[in-house]
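Asks: Please read through the structure below; I'll follow up with questions.
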Amino acid sequence: MQEGNSNNTLNFDNESINLRVEIEKYAYHWKWFVLGVIIAVSSAFLYLRYTPNQYEVSTTILIDDKENGGLASELSAFQDIGLLGNNSISIDNEIELLKSRSLLERVVHDLEINVTYFRQGRVIQSELYQDGIPIKINFFPKDSLLFNTDTTFTVIVKSNTHFVLKDANGSLISEQVFGKSISTKFGNLTITPATTKAFKNEEEIIVKITPLKTVIDGYRNAIQVQPANKNSSVIKLSLKDPVKLKAQEILDNLVKQYNNDAVEDKSIIAKSTDEFINQRLEIIAKELTSVDKGVEEFKTQNKLTDIPSEASLTLQSNVDINKRILDVTTQLKLADYVNEYVTSNENELIPSNLGFEDASLNQSTVLYNQLMLERNRILKSSSKLNPVIVNLDEQIAQFKGSIAQSLLNLKSSLGISLNALKNQESRLNSKISAVPKQEREFRDIQRQQQIMESLYLYLLQKREENAITLAVTVPNAKIIDQAYGSTIPVSPKRNIIYLAALLLGLIVPFSIIYVLFLLDNKVHNRKDVEAVVKAPILGDIPKSNSEEKIVVSESDREGTAESFRLLRTNINFMLSGETQKGAKILFVTSTISGEGKTFIAINTAAVLALSNKKVLVVGADIRKPKIAEYLNIKTGKGLTHFLMDKTLKVTDVIEHVKETNFDLVPSGIVAPNPSELLMNGRFEEILAYGKEHYDYVIVDTAPVNIVTDTLLLSHKADLFMYVIRANYLDKRMLEIPKNLYNEKRISNMALLVNDTDFENGYGYGYGYGYGYGYRKEDKKPWWKRMIG
């Protein structure tokens, strides 16, 4: 079957390799490669036939990164009135937000993808979605019980009005009418037809309800969110799913939920500012009304209509001071309001853009609000123990302290300025001694009125500006490409799978055959023998397809018979140098039993007899005599009788085999002391008789590796045929004939390779017994017959 190890390795001594031989070793087993390819490609076909296609859907969005020229560029017109901050968005934070459980939970709720529908095919189930679903199931109510349920049931449509409901095990639950309320362990539900089209007969729809947590975890792992490249604010979202439309809607809805969150977060500051301004406007309106009534009462009581002209010059010089006092008092009041709001509200946004003249205070307020907004957004998908939240809380606390200190500094500075202005006013008032007391009181009341009116108008303006901010709030992400998927599936990859199957179909048989070659340690052909034993080789005897024991006849031209004729020629050539008279004595032996030495002996005798030579075959293996059994003849006395009974003559133990035309000295009975019998001198008498009366004497001896009988008689041989059976003898045992030849323990030794396979050089031959014939029980194992 297989080539031995010597053919499986490189010849380093000659530094060459016979590539053709190596290829032919494997090419002989082409049918296994073809079978492997057929099985692998068929398996790949079945795998592709029943594996759902996976489609990749992707969408790209541009994150509003103002530092990199994001979406806010179109809002630059509002920057001159201080409506837009200078916040830059971290792409990594936005990626985490897009993968957050809260967003995916709203997507699952919105699309109701925790309930999936399948149609049962002949082998696998195919998922249905939207218009492909022939029925519609309404759950009442859609609460936590439904979203935590893990169950499967089957709807089998019987007609346009009736259906059968079965559980996951296929057990009948009930037969219902479309539209009727059905009570289940996870709530009530109704099933109605989704279209007006007629149903297929016995259409079977499988409904699977998966826990919300499992669905969210699955899509968190399935959705890939990553930047398009390192230097841009573009994020790519991709999802693989058997249903392309479903994957598209999931990605689009995810971006929608993300933008809704971003818009809501950005509106928090404006809403907080709007609430603050409205509260202050309500308070100032009441105070302004009260001051207006005071002016009315004062003028009525004092009958005042105009300021005396004599005080015009003095009052004119006092106008600038009054204006400055008005501005400082307004700033001081506003600082008090903001300070009260900051100290009374914890973790709240601070109204911004109120018009403080202190630029550092305005900048601190903007940075504080940006950090608070970022903290609230990240806190939605995280906890307060998140290192990012902790870091933001520390920064917020620092900015809040800085804002409080700035307000105190501002109030102190404004107080000092107000006192200085009042001192200047007092000096001017001292000059107006002639002005009536009523005029001075009216001026105080009028100043309060102007302060309230100015503050009221200022807050009205800021409320309108804040309303503009609310109107122009934009989402974080601009959709560059809507979710789109190619009609060509990305998985399974058919060409790659077929190519892998083809390679696997070749590699697996190659690997198996290679391992068998690697583990094979048998002699396969004469090259294996020549590589170890340098003795001459008489020839190769191929395996015979005939069940006959004698394969040589006058009319037989089979390959085995011809090989024995060639062996006869080679024997004559080997013995051509012998000058002694009488028969030529040929010993036939082997290393172990089962190598076919008896088969070689009797067929060599038969082929020699065909050339009109007188041939005597001696069964010298007296330990396990089976030559007569092999020839299927009954014998009388044999060699052991002759060796033990000195009264017997050689002719008394010689029998003629008619079918082969040669004479035979059978082995006889099994002797208790074979070695001693062969050494008692009687065996030489048989050889002497054979030399005198025959042309050839062929001695079938015992294997040399088991007993010493053969070596005791080896010096009597003119030619020693050493049989080596191909595909049977272990290569390591070639050391035995090698040593016998090198040490010249056997004279005129020649090798004969038996049972070779000329067709492939690797096949196993027939199973022999102890070397005396064919045995049906020595069949090859099934796996050897399959490969060989």
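The values are calculated or read from the model by the stated rules, or taken from the named source; none is laboratory data. Please read all numbers here as calculations on a predicted model, not as lab measurements. Note that each Cβ is placed from the backbone with ideal geometry, even for glycine, and that neighbours are counted across all protein chains shown. Please note that ligands, DNA and RNA were not included when accessible areas were found on the heavy atoms of the full protein model with its side chains. Shrake-Rupley method; radii C 1.70, N 1.55, O 1.52, S 1.80 Å.
Asks: Can you tell me which lysines have their Cα less than 17 Å from the Cα of Lys422? Leave out same-chain residues fewer than eight positions away.
Replies: Of all the lysines, those that pass the test against Lys422 - Cα under 17 Å, at least 8 places apart if same chain - are Lys323, Lys333, Lys411, Lys431.
Asks: Under a 5 Å amide H to amide H cut-off, with H placed in plane at 1.01 Å, what residues pair with Asn754 once short-range neighbours are removed?
Replies: So Asn754 has HN proximity to Ile541, Ile724, Arg725, Ala726.
Asks: Percent relative contact order of segment 513-653, based on C-alpha pairs within less than 8 angstrom and at least six residues apart?
Replies: Relative CO of segment 513-653 lands at 17 percent.
Asks: In nanometres, what is the gap between the two model label sites at Ile283 and Lys493, each 7 Å from Cα along Cα-to-Cβ?
Replies: So the label points at Ile283 and Lys493 sit 6.9 nm apart.
Asks: On full extension of the chain, what length is gained from Tyr341 through Lys31, given 0.36 nm per residue of separation minus the C-alpha to C-alpha distance? Each step should come with its number before you reach the end.
Replies: Numbers: separation 310, 0.36 × 310 = 111.60 nm, distance 8.99 nm.
Stretched fully, the Tyr341-Lys31 segment lengthens by 102.6 nm.
Asks: Cβ under 13 Å from Ala483's Cβ, Ala483 left aside: what net charge do those residues give with Lys, Arg +1 and Asp, Glu -1? Could you put the intermediate results ahead of the total?
Replies: Working: positive: Lys236, Lys240, Lys244, Lys246, Lys256; negative: Glu56, Asp241, Glu249, Asp252, Asp481.
Neighbour charge sum, excluding Ala483 itself: 0.
Asks: For Lys584, enumerate residues with amide H under 5 Å from its amide H, sequence gap 5+ or separate chain, H modeled in the peptide plane.
Replies: The list, which skips near neighbours in sequence, is Tyr696, Val697.
Asks: So which GluC sites (Glu not before Pro) in segment 558-632 end up in coil per DSSP with only 15 or fewer other C-beta atoms within 10 Å? Working shown, then result.
Replies: Values: sites: Glu558, Glu562, Glu578, Glu595, Glu629; in loops: Glu558, Glu578, Glu595.
Sparse-neighbourhood loop GluC sites (Glu not before Pro): Glu558, Glu578.
Asks: Additional query: Using a 1.4 Å probe on the protein heavy atoms only, what accessible surface does Phe153 show? Give it in Å² to the nearest 10.
Replies: Ignoring ligands and nucleic acids, Phe153 comes out at about 20 Å².
Asks: Any lysines with Cα under 19 Å of the Lys613 Cα? List them, leaving off those in the same chain fewer than 8 positions away.
Replies: Once the sequence-local lysines are set aside, what remains near Lys613 is Lys581, Lys584, Lys658, Lys691.
Asks: Here's a follow-up. In whole Hz, what ³J(HN,Hα) sequence does segment 651-656 give by Karplus (6.51, -1.76, 1.60; θ = phi - 60°), x for Gly and Pro?
Replies: Karplus values, whole Hz, x for Gly and Pro: 5, 5, 10, 8, 10, 9.
Asks: At a Förster radius of 41 Å, what calculated FRET efficiency corresponds to the Cβ-Cβ distance of Tyr47 and Ser382, to the nearest 0.05? Please report the intermediate quantities before stating the final value.
Replies: Details: r = 43 Å, r/R0 = 1.04.
The value I calculate is 0.45.
Asks: Quick one: which of Lys646/Lys744; Lys136/Lys213; Lys543/Lys626; Lys99/Lys166; Lys543/Lys731 span more than 26 angstrom between C-alpha atoms? Intermediate values should be presented prior to the final figure.
Replies: Numbers: Lys646/Lys744 33 Å; Lys136/Lys213 23 Å; Lys543/Lys626 21 Å; Lys99/Lys166 37 Å; Lys543/Lys731 20 Å.
In this structure, Lys646/Lys744; Lys99/Lys166 exceed 26 Å between Cα atoms.
Asks: If you don't mind, another one. Quote the FRET efficiency, to the nearest 0.05, computed for Glu22 versus Arg220 with a Förster distance R0 of 45 Å and r equal to the Cβ-Cβ distance. It would help to have the intermediate numbers written out before the result.
Replies: On the way: r = 54 Å, r/R0 = 1.19.
The value I calculate is 0.25.
Asks: Given the Cα-Cα distance of Val177 and Ser576 and 0.36 nm per residue of separation, how much length would full extension add, in nm?
Replies: Values: separation 399, 0.36 × 399 = 143.64 nm, distance 10.67 nm.
The span from Val177 to Ser576 would gain 133.0 nm if fully extended.
Asks: Taking amide H positions as placed in the peptide plane 1.01 Å from N, state which residues far from Glu595 in sequence (5 or more) or on other chains have amide H under 5 Å from it.
Replies: The list, which skips near neighbours in sequence, is Gly771.
Asks: Then there's this: For segment 511-626, what is the convex hull volume of its Cα atoms per residue in Å³? List each step's numbers first, then the result.
Replies: Working: hull volume 18.4 nm³, N = 116.
Considering the Cα atoms of segment 511-626, their hull volume per residue is 159 Å³.
Asks: Extension gain Asp645-Ser232, at 0.36 nm per residue separation less the Cα-Cα distance, in nm?
Replies: 137.6 nm
Asks: From the phi angles alone, apply the Karplus equation (6.51, -1.76, 1.60; θ = phi - 60°) to segment 260-277 and give each ³J(HN,Hα) in whole Hz, x where the residue is Gly or Pro.
Replies: Listing the rounded values in order: 4, 4, 5, 4, 5, 5, 5, 7, 5, 4, 5, 5, 5, 5, 4, 5, 5, 5 Hz.
Asks: What aspartates and glutamates does Lys158 reach when the alpha-carbon gap must be under 15 Å and sequence neighbours fewer than 8 apart in one chain are set aside?
Replies: Those aspartates and glutamates meeting the cut-off are Glu175, Glu202, Glu203, Glu204.
Asks: With r as the distance between the Cβ atoms of Ser267 and Tyr484 and R0 = 25 Å, compute the FRET efficiency 1/(1 + (r/R0)^6) and round to 0.05. Provide the component values of the computation, followed by the final result.
Replies: Values: r = 31 Å, r/R0 = 1.23.
Rounded to the nearest 0.05, the efficiency is 0.20.
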